[in-house]
1. Inside the range 53-84, can you point out the residues that are assigned to a loop (DSSP other than H, G, I, E, B), of a type in the set (Gly, Ala, Ser) and under 12 Å from the mean Cα position of the chain (by Cα)?
2. I'd like the full set of residues that are over 12 Å from the mean Cα position of the chain (by Cα), part of a helix (DSSP H, G or I) and β-branched (Val, Ile, Thr), limited to the range 21-47.
3. All but one of (1) modelled with pLDDT under 95; (2) part of a helix (DSSP H, G or I) hold for Ala50; which doesn't?
4. Applying the selection to the range 2-20, what residues are surrounded by 11 or more Cβ atoms within 10 Å (Cβ to Cβ) and either part of a loop (DSSP other than H, G, I, E, B) or of a type in the set (Phe, Trp, Tyr) (or both)?
5. Select from the range 39-84 the residues that are among the basic types (Lys, Arg) and within 13 Å of Leu8 (Cβ to Cβ) and write down the one among them that is surrounded by the fewest Cβ atoms within 10 Å (Cβ to Cβ).
Amino acid sequence: MNSLCDELKELVVDTLALEDVTWAEIETEAPLFGDGLDLDSIDALEIAMAIEEKYGVTLGDDPDQNQKIFVSIKTLADFVLGSS
C-alpha cells in the first residue's frame, strides 16, 4: 500500500507538473482539495485519466462517489486497489 501511495504521489506531481512540491512532501492522508494541494476539478480529471492509463481502472459517473475517491492519496490508493 505504501508503495502504491508513493506511486500515486509521483503520478500527481508529474501529471500536474507541480513545481513547488515534491512527491515526498505530499502527506498520504492530506486533502487534495482545499487546504491540501489546492487542486481543482480540471486537476482531478487529469489525475483520473493518468490513473486509468497507468492502472487500467476507471472512475464511475457518480460525482458524489468520485468526490470521496479524491479526498486524499490514501483514498485514491484504496480505489485503485479495490478496482484492480
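The values are calculated or read from the model by the stated rules, or taken from the named source; none is laboratory data. These figures come from a predicted structure and were not determined experimentally. Methodologically, a virtual Cβ is constructed for each residue, glycine included, from the backbone with ideal geometry; neighbour enumeration extends over all protein chains shown.
1. Ser72
2. Scanning the range 21-47 gives a single hit, Ile42.
3. (1)
4. Matches in the range 2-20: Leu16, Leu18.
5. Lys54
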